[in-house]
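The values are calculated or read from the model by the stated rules, or taken from the named source; none is laboratory data. Please read these numbers as outputs of a predicted model, since none were measured by experiment. Note that we place each Cβ from the backbone using ideal geometry, even for glycine, and neighbour counts take in every protein chain shown. Only protein heavy atoms, including side chains, enter the accessible area calculation; ligands, DNA and RNA are left aside. Shrake-Rupley method; radii C 1.70, N 1.55, O 1.52, S 1.80 Å.
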Amino acid sequence: MSRILVVHPGSLGDTILALPVLAALKEHYRPAWLHLIGHPSLLDVLPGRSVVDSMGSIEGPNYRDLLAGHECMSASTVRFYQQFSLVVIWAADPDGSVKATLDSLGIPKGIVRSPGLQRTRDQHATERFRETLLCLLPSESLSETGLIPAETDRQTGARWLLDHGIDPDTDRAVAVHAGSGMLSKCWPAVHIAAVIHELLEEGIKVVLIVGPADAEATRAVAGQVPSALPRLQAASLSLVFAVVARCKGFLGNDSGITQMATALGLPTVAVFGPSDPGIWGYRGKRLVPLRSQFGCRCATREAQQMCGERMCLSTPPELVLNAVRQSIRSVSPSLAT
């Protein structure tokens, strides 16, 4: 069995966008074991629920020692890297020092290259990851690769919903995430609140997800919806994963939680503003990306953050509400249970 190591310093959303490439890489070297070094919040989410077999933290000693160089490595770190026949590091290496360290360790094949997600390009983010591996995956098609909750996840999610008055087997529940990594990507709170009120009027249960970086966006929404609305806040990503997996639909902005919901196969309505769903939307059949007809006119990310008009986020609430209604109706009995 080939052992593959991939280092991905990115956050939740960027990591999920790379899953189809990881799947193609693993298939190319079949049979293979894939170990990922990535964001610590993913340690209890990806292994066993995706193509990732095992995982370590980007904040751990293995990656830190690699950046310091071979001569600074402990014996255990050297042994860790030498077990892999292929090492892929999705990070910039301007002076070639990281690649030189891999070579000095005797790694049969080492690739160190940034996918350039920060650069303004029309190419889909997933294809940017694949582009770094063209020498290995020149023609492989990228299949839709998702996340599959374990039975323990399903039980944990069901228990949380039941504790908050929602039966995951009979109630229609929609998870709503009003935040994003950037406030400039958040649909206005008044619109989200309007959609939540309509869903509640129609007998649809709503779970409001509050992430660690969502304080401003979710506070504005929380002040306009019933105080008894179940809120999933200060929760680990693994608990968010478990609860979202047991809902019937999802509404959010361009965020990592939205990418996760789509990768779970959940009917997902995502409101895109300054970001283009053709570049940043997860390639899932159940994603319904909505974007204002005005698009984004800001030339840079800094301009987006300073923009006061936010015309790109003027998608009408009626359009979003209808999309959520339609997506819930599309849930098959097998997915719903």
- [ ] Looking only at the stretch 91-107, decide whether some residue is part of a loop (DSSP other than H, G, I, E, B), of a type in the set (Asp, Glu) and surrounded by 16 or more Cβ atoms within 10 Å (Cβ to Cβ).
- [x] yes
TODO: For residues that are in contact (Cβ under 8 Å) with a residue 40 or more places away in the chain and among the polar types (S, T, N, Q), scanning just the stretch 27-63, find the one that is least open to solvent (accessible area, probe 1.4 Å).
DONE: Ser50
Open item on the list: Condition check: in contact with a strand residue (DSSP E or B) (Cβ under 6 Å, 6 or more places away or on another chain) and within 23 Å of Arg329 (Cα to Cα). Does Leu162 satisfy that?
Closed with: no
Open item on the list: With the requirement that a residue be open to solvent by less than 10 Å² (accessible area, probe 1.4 Å) and either at pLDDT below 95 or of a type in the set (D, E, K, R) (or both), what does the stretch 1-12 give you?
Closed with: none
Open item on the list: Given the condition out of contact with any helix residue (DSSP H, G or I) (no Cβ under 7 Å at 6 or more places or on another chain), among the hydroxyl-bearing types (Ser, Thr, Tyr) and part of a helix (DSSP H, G or I), answer yes or no: does some residue in the stretch 26-46 qualify?
Closed with: no
Open item on the list: Need the failing condition index for Arg128 against (1) surrounded by fewer than 19 Cβ atoms within 10 Å (Cβ to Cβ); (2) free of Cβ contacts under 8 Å to residues at least 60 places away in the same chain; (3) under 30 Å from Met311 (Cβ atoms), just the number.
Closed with: (1)
Task: Positions within the stretch 131-171 being open to solvent by 10 Å² or more (accessible area, probe 1.4 Å), of a type outside the set (Gly, Ala, Ser), touching a helix residue (DSSP H, G or I) at 6+ places or on another chain (Cβ under 6 Å) and modelled with pLDDT under 95, in sequence order - done: Glu140, Leu142, Thr145
